[in-house]
1. Take the residues in the stretch 80-123 that are in a helix (DSSP H, G or I) and of a type in the set (Val, Ile, Thr), then tell me which one is nearest to Asp138 (Cα to Cα).
2. For the stretch 54-79, how many residues meet the condition of being outside any loop (DSSP other than H, G, I, E, B) and either closer than 16 Å to Ile6 by Cβ or at pLDDT below 90 (or both)?
3. In the stretch 101-120, how many residues are buried (at least 17 other Cβ atoms within 10 Å of the Cβ) and of a type outside the set (A, V, I, L, M)?
4. Name the residues in the stretch 145-179 that are over 21 Å from Glu109 (Cβ atoms) and charged (D, E, K, R), would you?
5. From the list Glu109, Glu80, exactly one residue is without any contact (Cβ under 8 Å) to a residue 60 or more places away in the chain, among the acidic types (Asp, Glu) and under 24 Å from Leu30 (Cβ atoms). Which is it?
6. Consider the stretch 1-45. How many of its residues are loosely packed, with under 14 Cβ neighbours inside 10 Å, at pLDDT 95 or above and over 30 Å from His233 (Cβ atoms)?
7. Take the residues of the stretch 1-44 that are touching a residue at least 24 places away in the same chain (Cβ under 8 Å) and part of a loop (DSSP other than H, G, I, E, B): which is farthest from the chain's Cα centre (by Cα)?
Amino acid sequence: MSDLLIRTENLTKIYQMGDVQVHALRGVSLNIKQGEFVAIMGASGSGKTTFMNLLGCLDLPTSGEYYINEIGVHEISQLELTKIRNQLIGYVFQNFYLLPRTTALENVELPLLYRNKMTHHLRIQKSMEALATVNIADRAKHYPNQLSGGQQQRVAIARAIVNDPMFLLADEPTGNLDTRTSLEVMTIFQELHKNGKTILLVTHEHDIALYAQRLITFRDGHIISDVPNNNPHIAAVDLAGLPKLPGDEL
């Protein structure tokens, strides 16, 4: 069985802006293997966000082919796309996107509500396990406005992993966090990767990208660089015993 998880072939994306066509992607071909930790970089307008949206099945290419575990995403129905988004991909965004009137536990449980055969008890169990994985189970009953930015991002990561997706797609996950909290969040991603999770990290911050094992850079809709990072940063933070400092984000 092949360990190839993601394959794109000559992906293009053209947006129609009035009378003007904007070529956001210009024939992107890429392979990503299971268990890789990949950072996708580039300036605003480089095509990295468009590419992320295609990888996350949030948009469809104008042309080209996209395969997840040999499933042709470009040729399946909207219903099948919905299943892929829910079950195969975990999303982590810069702005957290937690529902404000639901607890941390209920936010994490949301993706499981689409699993019709899963009992309520099992949903709660899996959600608590996901919160424990990111070391925030003690905040399960708290609402988002009772959590710091770092804590909210931990809940968002727990929500992303609760379905045990094939890969995580993290879009600027440290963009709203201070330096120390960013380090702690990157520790979580490194631990998830260490335990076998495939991670695609989209960032414009070079220092954050250096936590990944592979660095891909976009410019003007093309991949201009795809190189291994032989010496990734190691976020040396003990998740089980983080020091409590005044004003801590976490």
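The values are calculated or read from the model by the stated rules, or taken from the named source; none is laboratory data. Just so we're clear, the structure is a prediction, and the values are computed from it rather than from any experiment. Neighbour counts are summed over all protein chains in view; Cβ atoms, including those assigned to glycine, are modelled from backbone coordinates with ideal geometry.
1. First, pick out the residues of the stretch 80-123 that are in a helix (DSSP H, G or I): 80-87, 104-114, 120-123.
With of a type in the set (Val, Ile, Thr) added as a condition, the list becomes 82, 84, 108.
Details: Thr82: 32, Ile84: 31, Val108: 14 Å.
Checking each candidate, the answer is Val108.
2. 14
3. Qualifying residue count, the stretch 101-120: 5.
4. Asp171, Glu172, Asp178
5. Numbers: Glu109 fails: under 24 Å from Leu30 (Cβ atoms).
After applying the criteria, what remains is Glu80.
6. Qualifying residue count for the region: 1.
7. The selected residue is Ser2.
Per-residue answers, yes or no, for (1) touching a Gly at 6+ places or on another chain (Cβ under 6 Å); (2) over 24 Å from Asn229 (Cα atoms):
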{"site": "Ile14", "(1), (2)": "no, yes"}
{"site": "Gly18", "(1), (2)": "no, yes"}
{"site": "His23", "(1), (2)": "yes, yes"}
{"site": "Arg26", "(1), (2)": "yes, yes"}
{"site": "Ser29", "(1), (2)": "no, no"}
{"site": "Ile40", "(1), (2)": "no, no"}
{"site": "Leu60", "(1), (2)": "no, yes"}
{"site": "Tyr67", "(1), (2)": "no, yes"}
{"site": "Ile71", "(1), (2)": "no, yes"}
